[in-house]
Structure formats: C-alpha cells, structure tokens
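Trainee: I have a structure I would like to understand better, so I am pasting it below and will then ask my questions one at a time.
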Amino acid sequence: MVRRLISWLVLAALAVLLVLWMRTRIPDQNVGEGFRTYAKFRDGSKMAVGSPVVIAGVRIGDISKISIEGRFARVDMDLREDVQIPADAFVTRRADSLFGDSYIEVIFSGGPDGAAPQRMLQSGEPITHVIEGASTDNTLRAIDRSLPRIENALEIVYEVMGKARKVVNGDVPAGMLSADSWLASGKIEGPISKTARAFERIDKLTEAGAAALADIAPATLRTLDRVEAAVARTRNSIKEAKGQVLQAMADTRTGLEGADPQIDQIAEVLGAINEGRGSDWKGTLGRLVNDPELADDLEDTTLAIEEGLSSYNRFKSYLGMRLEWNLFARSPRFYAIADISARTDKFYLVELISDSLGTVPADQVSDAANTTSYTRRQSIRDALRFTVQFGKQLGPFRFRAGLKDSTFGAGADLLLGRGRLRFSTDVFGSFDRTPRVKLAAAVAVFRSIYVLGGVDDVLNQPGYLNINSGGQEVPRALTQVRYGRDYFLGAAIYLDEADLSTLLRVYGALLVGLLAS
C-alpha cells in the first residue's frame with residue numbers, strides 16, 4: 001500500500017513538472033492584449049511563434065505571428081500592457097546558440113542623458129527601425145560563397161610560387177652565367193679601350209692645332225695690316241666725297257639767289273591782282289577775289305552740297321532676297337527685301353512676297369434659298385503681297401509695325417553678333433480670328449548669305465482649302481491649298497552699298513568689255 005502511494009506521488013510530481021515545462025513553452029495569450037506591434041525583417045529564419053521579446057534581457061512579450069508581406073517577413077509581437085517603447089527604438093534578432101531559435105530584442109535609441117523621448121509608440125504601430133541580426137544560414141551561405149574564392153586565390157598563389165621556384169632554380173642561374181660570359185668576352189673593356197685611344201688622338205690633334213696657330217700668327221698680322229691700310233684709304237675717299245657735296249650745295253644756293261628776281265615778279269603780280277591795279281585782267285581777277293558776295297555764294301554752295309551728302313549718308317540700305325520652303329505644304333515662298341536703316345535708331349522695311357496662298361482671301365457669305373443656312377466662300381487671287389513697316393531700334397532689338405503680308409501687323413527682331421545671328425517674330429492677319437504668328441531664326445554662313453528656319457502660323461491648326469476648278473481636270477497641287485501651322489527652311493542674301501558698288505564695278509566692267517569686243 002505504501003509502495004503504491006509513493007508511486008502515485010511520483011507520477012503526480014512528474015505530471016506537475018510536465019505541465020510547468022509546457023507552460024513555459026506555450027505563449028501567454030493574455031500577455032500584451034492591450035499592446036501589439038510588429039516589425040519587418042529581410043530574413044525571418046530561426047524565429048518561431050512563442051519566441052520571447054526582451055528589453056535589456058527582460059522578457060516583455062512573445063512573438064505571436066510570422067507572415068510574409070511583400071519582400072519582407074512580418075513578425076507580430078504581443079507585449080505587456082505596461083511596456084512603453086519610444087517611436088525611434090530599434091529591434092534586432094538575437095540567438096542564444098548557433099543552432100537554437102532566435103528571439104527579438106528591443107533597443108532604445110541613445111538620446112541626451114535624462115531627456116525624455118519625443119513620442120511613445122502606440123499599440124498597433126510598427127517599429128520601423130530594424131537591425132538585421134546575423135543568422136547561422138547567412139553565415140554558412142557567406143562561408144560557402146567565400147570558399148571558392150579562397151580556393152582560387154590559393155591556386156593562383158601556388159602557380160606564382162611554382163613559377164618563382166622555376167625562375168630561381170633555372171632562369172636566374174642561367175642569366176648570371178650569361179652575364180658572366182658576356183663580361184668575360186670583353187664587351188665593356190673593348191669600348192673603354194677605344195675611348196682611351198680616341199682621347200689620345202684628340203690630344204695629338206690639339207697639339208698639332210697649337211703648332212699650326214703658331215705658324216699662322218705672322219700671316220694673320222700681315223692680313224690685319226692690309227685691312228688697316230684699306231680703312232685709311234676709305235677714310236680719305238669719304239673726305240673727298242664730303243668736299244664734293246659741300247661744293248654742290250654752294251652751287252645750288254647760288255642758283256637759288258639767281259631766282260630771286262623771278263620770285264619778286266610773281267609777288268608783284270599777285271599784289272596787283274589783290275589790289276585790282278594794273279592791266280584789265282589783273283583788275284578783273286582782283287575784284288573777283290576780293291568780292292564778298294562771290295565768297296558768300298561759294299560758301300553757301302559748299303554748305304548745300306555738304307548737307308545733301310550728309311543727309312544721303314544718314315541712311316544705310318540693304319537689298320536682299322529670301323527663299324522659304326514650307327515642309328508640309330511643299331510650296332515655296334519668295335521675298336524681295338529692301339531694308340533702309342538711318343544712322344539714328346529708325347528704319348524702314350519693304351517686302352514683296354510671292355507664294356502659293358496668293359493675295360489676301362476675300363470672304364463672301366450668301367444665304368441659301370428657302371433655308372436658314374448660308375454659304376461662305378473665300379476667293380484667293382494669284383497676286384503678290386507686300387510689306388511696308390516702320391521701326392525703331394533699341395540696342396540689339398528692333399521693333400516694327402505697319403503692313404505685313406498685305407495685312408496689319410507688328411514684329412520684333414533680335415540681332416546678335418553684328419547681325420550674323422537673327423531671331424524674328426511677326427504677328428499679322430490670318431484666315432481665322434486667331435492672328436498669324438511667325439517665328440524665324442537665321443545665321444550667316446558667309447558674309448551676306450544666311451540659312452534660316454522656323455515655324456509659320458504657330459497658333460492655328462493646319463487644314464486645307466478646296467479650290468473650285470470649275471469642273472476641269474487640274475493637277476493635284478491645284479485642288480487644295482494648305483493653311484495653318486507649318487515648318488519652313490530657307491536661305492537669304494543681304495547686300496549693302498559696298499556690296500552693290502562692288503557688283504556694279506565688276507559686272508559693269510565685264511559688260512563694257514563685252515560691248516567693246
């Protein structure tokens with residue numbers, strides 16, 4: 001009976017111990033019901049539900065759930081209600097042993113001593129600062145990736161050592177023996193002996209040169225004596241030439257003194273003309289010279305001529321031609337240009353334009369019979385358009401207004417690099433209520449030749465106008481006219497007065513030569 005009782009007591013003790021051990025392994029579902037949080041790890045291996053969550057080694061909760069969220073492992077944690085975690089805290093993964101399960105440790109950020117955290121984490125908010133701890137799998141993978149590189153490095157070292165051993169055992173001794181035999185063959189002693197013999201020959205030549213100079217010294221002195229005698233003879237010749245020049249100047253002075261009577265006669269004649277005395281022609285010439293009215297008339301005439309020339313020179317004219325090609329309409333546009341600029345800040349622009357659009361369209365609106373609708377017709381005559389604008393220049397900018405393409409318009413130009421680079425903007429009439437805006441840019445490739453490009457009719461959508469052919473068969477190019485936005489390329493030439501005068505001289509001389517022949 002006592003033995004049976006002892007057996008039951010032992011079994012009961014074992015059962016209690018088993019229950020206590022299982023209680024420590026099963027997470028407490030009542031812990032942290034009021035505070036939950038989670039964190040996202042890149043590697044969630046070795047973490048299991050029920051693993052502890054600690055702060056400074058003190059367990060404050062357990063891992064309640066592990067799930068996949070995107071590319072991360074989401075680890076949910078149930079913590080005690082009295083736990084307060086700052087919002088800037090960190091979480092990391094720890095492991096008790098190399099092959100055991102991991103647990104999570106919460107680390108408070110190190111702020112100023114004694115300073116309270118700015119904000120505490122609320123239940124349900126995540127801990128965003130995660131420090132990925134090391135894991136056994138990562139360590140083994142890193143070791144596995146590193147082993148091939150280590151093996152390759154060891155093989156390279158082995159090969160280098162083998163080559164070095166081969167060089168030390170074979171090539172180095174062979175090289176030393178070769179160098180010794182090369183030195184023994186006299187490759188160094190030979191050049192040194194040749195150099196010594198060369199210096200001996202130089203010494204002999206120097207001695208021979210000194211002896212030759214000793215023999216030449218008397219002949220050199222005799223040559224210097226001859227040079228000195230020649231210099232003395234040259235000095236005597238210069239003295240004789242100087243005397244001859246002085247004699248010629250004296251003779252010239254005597255001749256000038258003989259011309260004094262003729263000079264006195266000329267002075268007497270000029271005095272008679274000035275005073276109006278003497279013969280008839282002298283008196284008449286004197287009266288004309290001394291007449292104040294005649295002098296005033298001559299001065300007025302000179303001033304009038306000067307003023308006319310200055311008024312002409314105030315203007316600087318440019319004549320030019322410009323050709324543009326519309327890319328989508330596939331039609332050319334030709335300009336004949338006259339740009340007259342004053343020396344002041346004013347200028348005048350005159351252009352004649354010929355293009356496929358002809359002159360300004362004429363609108364006609366007519367009511368249809370017995371209906372409330374009407375018909376609108378636009379007639380375009382094949383004629384030239386013209387531009388007449390007056391402008392003012394302010395530094396590199398030029399502003400102008402007047403008629404543009406036979407409609408009222410205004411424009412502005414920007415001239416850079418002494419006119420070699422030009423930007424132009426024009427605003428004038430159009431087929432629609434929206435004005436026609438044209439943007440262009442031109443750059444000089446030669447002295448007077450420009451290449452240009454731009455956009456025409458920027459604000460209007462492109463379209464086509466049908467042409468009434470009267471029932472006749474006409475080319476396709478004459479059945480429609482494109483209008484609206486289009487791009488263009490072209491070239492231009494501008495000639496000033498200097499260019500025109502050069503052309504007139506060159507081609508005029510050629511024309512005269514052809515006519516004379």
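Trainee: Only strands (runs of 3 or more DSSP E) wholly contained in the range 345-397 count here; list those with 2 or more residues that are modelled with pLDDT under 70.
Mentor: 362-367, 374-379
Trainee: Just one of the numbered conditions (1) of a type outside the set (A, V, I, L, M, F, W, C); (2) modelled with pLDDT of 75 or more; (3) not in a helix (DSSP H, G or I) is not true of residue 187; which one?
Mentor: (2)
Trainee: Quick check on my filter: what residues within the range 114-155 are at pLDDT below 70 and either within 19 Å of residue 92 (Cα to Cα) or touching a Cys at 6+ places or on another chain (Cβ under 6 Å) (or both)?
Mentor: If the condition is that a residue be at pLDDT below 70 and either within 19 Å of residue 92 (Cα to Cα) or touching a Cys at 6+ places or on another chain (Cβ under 6 Å) (or both), then 133, 134, 135, 136, 137, 138, 139 are the ones that fit.
The values are calculated or read from the model by the stated rules, or taken from the named source; none is laboratory data. This one's a predicted model, so the numbers in the text were calculated from it and none came from an experiment. Don't worry about glycine lacking a Cβ; one is built from the backbone with ideal geometry, like all the others, and counts go over all protein chains shown.
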